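The values are calculated or read from the model by the stated rules, or taken from the named source; none is laboratory data. Owing to the predicted nature of the structure, the values given are computational and were not obtained by experimental measurement. Note that we place each Cβ from the backbone using ideal geometry, even for glycine, and neighbour counts take in every protein chain shown. SASA here: full protein model, heavy atoms, side chains in, ligands and nucleic acids out. Shrake-Rupley method; radii C 1.70, N 1.55, O 1.52, S 1.80 Å.
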Amino acid sequence: MITLKISLTDILGAISDDKSLMLFNTIAVSYPENDTEMRLVKRNGKYFLTSLGKIVYTAQTIIAKALHDYWRLKAIDELELAEQDIPKEEYHKIIDLLIDNEKIREGLIHKRCS
């Protein structure tokens, strides 16, 4: 059995420049029927995202959406830094009002509960 050691730094480094990220996103959007290996592969002259690539793509789209909501997230941070303790139910209502993306909401609620 061959073991590959791929680090988070390797993955983020691979899409860290604008050109690589644009290529990665173009492939992800263009070819939804991707491969199941753990890298970007080329088959029959076409590039495909692998299973790991699909997960990386999903994560970076969530990050892009979070950047779009930067000021709303900043407002949530300010609420958390306030001296007053906001009840859990009220905090959830605020998150639901400010943040549209379910994955980002889940991350914020999970962060607060842990």
| remark: The pairs in Lys54/Lys93; Lys5/Lys54; Lys54/Lys74; Lys5/Lys65 lying past 23 Å Cα-Cα in this model are Lys54/Lys93; Lys54/Lys74; Lys5/Lys65
| field | Over the range 40-82, equivalent-ellipsoid semi-axes from the Cα gyration tensor in Å | value | 37, 9, 4
| Considering only protein heavy atoms, what per residue accessible area in square angstrom results for the range 67-114 with a 1.4 angstrom probe? | 80
| message | What distance in nm separates the two pseudo spin-label positions at Asp96 and Asp18, each 7 Å out from Cα along the beta-carbon direction? | response | 4.1
| request: At 7 Å along the Cα-to-beta-carbon direction for both Glu83 and Thr26, put a label point, then send me their distance in nm to one decimal. | output: 5.5
| message | Can you pull out the GluC sites (Glu not before Pro) in the range 43-114 whose DSSP state is coil and whose Cβ has at most 16 other Cβ atoms within 10 Å? | response | Glu83
| Got a number for the accessible area of Asp18? Probe 1.4 Å, square angstrom, nearest 10. | 130
| Cα-based reach from Lys19 at 18 Å (exclusive), listing aspartates and glutamates while leaving out same-chain residues under 8 positions away | Asp10
| Could you give the length gained on full extension between Ala64 and Thr50, defined as 0.36 nm per residue of separation minus the Cα-Cα distance, in nm? | 3.0 nm
